[in-house]
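Down below is the structure, laid out as structure tokens.
The values are calculated or read from the model by the stated rules, or taken from the named source; none is laboratory data. Just so it is clear, the model here is predicted, and its values are computed rather than measured. Here the Cβ positions follow ideal geometry from the backbone for every residue, glycine too, while neighbour counts run over all protein chains shown. Just the protein is used for accessible areas: all its heavy atoms, side chains included, with ligands, DNA and RNA removed. Shrake-Rupley method; radii C 1.70, N 1.55, O 1.52, S 1.80 Å.
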Amino acid sequence: MPLLEPSLLSFDLTKLDQQLDEVKNAGALFIHYDVMDGIFVANKAFLTNELAAIQKHGLKANVHMMVKDVKSWISKFLSHPMNACVFHPEACDKQTTLECFELLKKHNVKFGIALKPYTNIQDYNWALTIAQYVCIMGVEPGKGGQLFIEFVMENIQYIHDFKTHHNPNMIIQLDGGVNTDIIKRTRGLIDNYVSGSFLMKQENKKPIFNLVK
């Protein structure tokens, strides 16, 4: 059954406990946790500080690393609770990607890759064959509130077809520009939707969670 992951990037951190309870009561099981280093993308986002709060509320963190020195950043997070961790293979070479997969696997963290909208996905078929997660970016990574890039519909179909034929247990996330229309248009193609500003602006969030199911 498809799931909806609220993006911590759009939370008001002065009301973190309240908003974690709010999304949990609406139906959240996972929180999407963005990490940015200011190098791979222009902005900076979370370190490990909020991971404990997510766990305290009975939720699990799916970490999305938008960083250049991938292996070093993963190592910083391994002593903290994570359900899954995806990173950008565009930021490193094949050997480093495979080493990061092994590192996460060793620590019982689900592993995978995130792909920018205009990345040539076929260059990473080798990673998609073994990844447990793939995060399809619906926008250019680095900031919230962007509009969905229409071209990404081709990426979604490609990765869905690849999953069907080569890696049926892989979980497909869609991150960026997710709203009611995008959810309806991609039904049956996506396993986990990530929504930040659109979801957090809704006074009643439960209907959005119900729409995903």
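So that you can scan it fast, the table gives a plain yes or no per residue for (1) in contact with an Asp or Glu (Cβ under 7 Å, 6 or more places away or on another chain); (2) crowded, with 19+ Cβ neighbours inside 10 Å; (3) not hydrophobic (A, V, I, L, M, F, W, C):
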residue: 67; (1), (2), (3): yes, yes, no
residue: 89; (1), (2), (3): no, yes, yes
residue: 93; (1), (2), (3): no, no, yes
residue: 97; (1), (2), (3): no, yes, yes
residue: 101; (1), (2), (3): no, yes, no
residue: 117; (1), (2), (3): yes, yes, yes
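Annotation note: of 116, 163, the sole residue that is over 15 Å from the mean Cα position of the chain (by Cα) and basic (Lys, Arg) is 163.
Taking helices (runs of 4 or more DSSP H) as the structural unit, those lying wholly within segment 69-128 and holding at least 3 residues that are within 28 Å of residue 147 (Cα to Cα) correspond to 125-128. For segment 37-58, the set of residues classified as among the aliphatic types (A, V, I, L, M), closer than 21 Å to residue 146 by Cα and open to solvent by less than 40 Å² (accessible area, probe 1.4 Å) consists of 41, 45, listed by residue number. Quick check on residue 210: is it within 13 Å of residue 4 (Cα to Cα), open to solvent by 30 Å² or more (accessible area, probe 1.4 Å) and either touching a Ser or Thr at 6+ places or on another chain (Cβ under 9 Å) or not β-branched (Val, Ile, Thr) (or both)? It is true that residue 210 is within 13 Å of residue 4 (Cα to Cα), open to solvent by 30 Å² or more (accessible area, probe 1.4 Å) and either touching a Ser or Thr at 6+ places or on another chain (Cβ under 9 Å) or not β-branched (Val, Ile, Thr) (or both). Candidates 38, 27, 58: the one that is modelled with pLDDT under 95, at positive phi and more than 16 Å from the chain's Cα centre (by Cα) is 38. Under 6 Å between Cβ atoms, at least 6 apart or on separate chains: pull out the pairs that start in segment 63-92 with a residue that is in contact (Cβ under 8 Å) with a residue 12 or more places away in the chain and end on any residue that is open to solvent by 50 Å² or more (accessible area, probe 1.4 Å). Pairs found: 68/39; 78/107; 81/55; 83/60; 84/110; 91/68. Tell me which residues, restricted to segment 1-58, are more than 24 Å from residue 203 (Cα to Cα) and among the aliphatic types (A, V, I, L, M). The answer is 1, 35, 36, 39, 41, 42, 45, 47, 51, 52.
Looking across segment 145-154, just one residue is crowded, with 18+ Cβ neighbours inside 10 Å and either at pLDDT below 95 or part of a loop (DSSP other than H, G, I, E, B) (or both), and that is 148.
Candidates in segment 1-14 are the residues that are over 13 Å from the mean Cα position of the chain (by Cα) and assigned to a helix (DSSP H, G or I); of these, the one that is farthest from residue 174 (Cα to Cα) is 14. Considering (1) more than 14 Å from residue 209 (Cβ to Cβ); (2) among the polar types (S, T, N, Q); (3) outside any strand (DSSP E or B), the lone condition that residue 62 does not fulfil carries the number (3). Of all the residues in segment 164-207, those that are surrounded by fewer than 21 Cβ atoms within 10 Å (Cβ to Cβ), of a type in the set (Asp, Glu) and not in a helix (DSSP H, G or I) number 2.
Candidates are the residues of segment 129-142 that are assigned to a loop (DSSP other than H, G, I, E, B) and within 23 Å of residue 185 (Cα to Cα); the one that is most open to solvent (accessible area, probe 1.4 Å) is 140. The condition (being open to solvent by 40 Å² or more (accessible area, probe 1.4 Å) and either acidic (Asp, Glu) or part of a strand (DSSP E or B) (or both)) is satisfied by just one residue among 17, 34: 17.
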